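*Asks:* Below you will find the structure I want to go over with you.
The values are calculated or read from the model by the stated rules, or taken from the named source; none is laboratory data. None of the values given here were measured: they were computed from a predicted structure. For neighbour counting, all protein chains shown are included, and Cβ atoms are generated from backbone atoms with ideal geometry for every residue, glycine included. Accessible surface areas use protein heavy atoms only, side chains included; no ligands, DNA or RNA. Shrake-Rupley method; radii C 1.70, N 1.55, O 1.52, S 1.80 Å.
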Amino acid sequence: MTTISLSSSVLSNPKLTPLDRAKQLTATLLSERSEASGALFARQLHEVLRALDASDRHGFQRYLATEFQPDRAALRVAAERYLADGTAEAAAALARAADPPRQELLRRINMAPGGTGALMAMRSEIASWLRGEPELKLLDADLKHLFTSWFNRGFIELKRLDWQTPAAVLEKLIAYEAVHEIKGWDDLRRRLAPDRRCFAFFHPALPGEPLIFVEVALVQGLATAMPPLLARETDEEAARAQAARADTAIFYSISNCQDGLRGVAFGNLLIKQVVEELKAEFPQLKRFSTLSPVPGFRRWLGPRLANGSDPDAALLPQLESGDWWNDPTQSEKLRAPLLRLCARYLTRPPSIRVDPVARFHLGNGARLERINWLGNSAPRGIQESFGIMVNYLYDRDAINDNHEAFVRDGTVVRSPEVDALLQS
């Protein structure tokens, strides 16, 4: 029986459960040597997978994770050979033996139209199972490994998004915005005004689907609070004049759009490329900075104040009483100690877990420039960091040195202003 007739019999056999059909097609796909037939079987497998219910999808994911392991005997032989002579050829043979057949299978599944999106959806779905089913981590790791190579800089494309961008893409900006909610089309239009910029990465396998996007405000001076950046001004001529006068680009929101690509790094490349794009369009720009949240600050500070281990423990009742941020007298009393504590939080030794946003920007080579009081008094800002926001400055001449210092020993390069907070 040929593989094509085998495939047909699998699809039409009424005795097979949908999950069994998927498993048999998977084995057929991996054994096929013809590229044309492989593409056909990949399409058939996708049709079967789309019809699986949640339980059977989970069963299929476990099947992928637990089967298709490297041949243990061949791997042992290759390892012993490498240990015996250590040649480049032996190392290459060991690498081939250690490569699980599952990765080749996933490459073949990707041959079908929509294959990349289907694999991304699979990785997104298994995320909730990883803690309780560690065997799924093998499948997750293989998918991440493949996505890292498929979504490298040679394949992704930077595009500016504006009001002329197709509505289907703009709708996704509203849906995917993860930092500062876009409250409808009027709000989005303001964020795409002449003194604003929005850039996103796209991949040819996912047309119309942004991978990550960044929103930028063109301003004068270092922006220290969100309300002016999100104000819904509509005068386009005034916005154009503002862009022409701007000396600073503020990156105020970066949103990853595809959960299936978690851990695949785009942000570093995105910021650096957008800096170059903006510098080419606006040569007068002198500073490139973020206005960023501090999402881990309140989680870190709460227990310290609650157990009385911090000299500022007396702050806790005030922080939990009403809307203190709307009371100028009360908020001014909290200002100095909270800014000092936030500076301490962001500059802790590298052995302690670093705030995720800080880790991202410091790891990209930015400098901790300024810590801003009540930069975001929206409910989320108060909940995460008592309204505090941070400027991370991207100095094009110092990015590489700052990055090396942070990666090498956790050095947080910071401004004299932040140092002054630490000593207050």
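*Asks:* What's the FRET efficiency of GLN383 with PHE155 using the Cβ-Cβ distance as r and R₀ = 56 Å, to the nearest 0.05? Present the calculation step by step, with values, prior to reporting the outcome.
*Replies:* Values: r = 38 Å, r/R0 = 0.68.
Computed FRET efficiency for GLN383 and PHE155 comes out at 0.90.
*Asks:* Excluding ligands and nucleic acids, what accessible area in Å² is computed for LYS333 using a 1.4 Å probe, to the nearest 10?
*Replies:* Near enough 140 Å² of accessible area.
*Asks:* Run the helix sum for the chain: -39,500 (n - 2.57) per DSSP H stretch of 4+ residues, divided by residue count, reported at 222 nm to the nearest 500 deg cm²/dmol.
*Replies:* Values: 21 runs with 226 residues, N = 424.
About -16000 deg cm²/dmol.
*Asks:* A further question on this structure: Compute the relative contact order of the chain as a whole-number percentage, counting only Cα pairs closer than 8 Å that sit 6 or more residues apart in sequence.
*Replies:* 11 percent
*Asks:* Under the 0.36 nm per residue contour assumption, what length would be gained going from the current alpha-carbon distance of GLN284 and ALA313 to full extension? Don't skip to the end; give the middle numbers.
*Replies:* Numbers: separation 29, 0.36 × 29 = 10.44 nm, distance 4.64 nm.
Here the answer is 5.8 nm.
*Asks:* Another question, if that's okay. Just check the range 290-424 against the gyration tensor rule for me: Cα atoms, a ≥ b ≥ c as the square roots of the eigenvalues, rounded for a/c under 1.5, and otherwise prolate or oblate depending on whether a/b exceeds b/c.
*Replies:* In terms of gyration-tensor shape, prolate.
*Asks:* Looking at the range 131-166, which trypsin sites (Lys or Arg not before Pro) are DSSP coil and have at most 11 other C-beta atoms within 10 Å of their C-beta?
*Replies:* Working: sites: ARG131, LYS137, LYS144, ARG153, LYS159, ARG160; in loops: ARG131, ARG153.
In loop regions of the range 131-166 (DSSP not H, G, I, E or B), the sparsely surrounded trypsin sites (Lys or Arg not before Pro) are ARG131, ARG153.
*Asks:* Which GluC sites (Glu not before Pro) in the range 203-290 sit in a loop by DSSP (not H, G, I, E or B) and have at most 16 other Cβ atoms within 10 Å of their own Cβ?
*Replies:* GLU233
*Asks:* Suppose R0 equals 22 Å. What FRET efficiency, 1/(1 + (r/R0)^6) with r the Cβ-Cβ distance, do ALA244 and LYS272 give to the nearest 0.05?
*Replies:* Calculated value: 0.35.
*Asks:* Also: Note the full-extension length gain between ASP235 and ARG299 as 0.36 nm times their separation in residues minus their Cα-Cα distance, in nm to one decimal.
*Replies:* Numbers: separation 64, 0.36 × 64 = 23.04 nm, distance 4.05 nm.
19.0 nm is the gain from fully extending ASP235 to ARG299.
*Asks:* Could you order ARG299, ARG414 by accessible surface area, starting with the largest, using a probe radius of 1.4 Å?
*Replies:* ARG299, ARG414
*Asks:* Work out, step by step, the length gained on full extension between ARG353 and ALA121: first 0.36 nm times the residue separation, then minus their alpha carbon distance; give nm to one decimal.
*Replies:* Result for the pair: 80.6 nm of gain on full extension.
*Asks:* So for ASP186, ASP409, what's the accessible-area order with a 1.4 Å probe, most first?
*Replies:* The most accessible residue leads, giving ASP186, ASP409.
*Asks:* Give me the dipole magnitude in Debye, nearest 20, for the range 230-275 about the Cα centre, with unit charges on the beta carbon: positive for Lys and Arg, negative for Asp and Glu.
*Replies:* The calculated dipole for the range 230-275 is roughly 260 debye.
*Asks:* What pairs from LYS159/LYS286; LYS23/LYS137; LYS172/LYS279; LYS137/LYS172; LYS172/LYS333; LYS23/LYS144 go past 31 Å between their alpha carbons?
*Replies:* Over 31 Å Cα-Cα: LYS172/LYS333.
*Asks:* Give or take rounding to whole Å, what are the principal axis extents of the alpha carbon atoms in the chain, in descending order?
*Replies:* Principal-axis extents of the Cα atoms in the chain, largest first: 83, 53, 46 Å.
*Asks:* Reachable aspartates and glutamates from LYS183, Cα under 18 Å, same-chain residues fewer than 8 places away excluded?
*Replies:* In chain and number order, the partners are ASP162, GLU171, GLU215, GLU233.
*Asks:* Between ALA51 and ASP419, what's the calculated FRET efficiency when r is the beta-carbon distance and R0 is 60 Å? Round to 0.05. It would help to have the intermediate numbers written out before the result.
*Replies:* Details: r = 61 Å, r/R0 = 1.02.
The calculated FRET efficiency here is 0.45.
*Asks:* Next up: How large are Rg and Dmax for the range 228-343 when only the alpha carbon atoms are used, in Å?
*Replies:* My reading of the Cα-based Rg and Dmax gives 19.9, 55 Å.
*Asks:* Sticking with this structure for a sec: Work from the charge dipole of the chain (Cβ charges, +1 for Lys and Arg, -1 for Asp and Glu, about the Cα centre) and give the residue of SER289, LEU161, ALA205 farthest towards its positive end.
*Replies:* Of the options given, the answer is ALA205.
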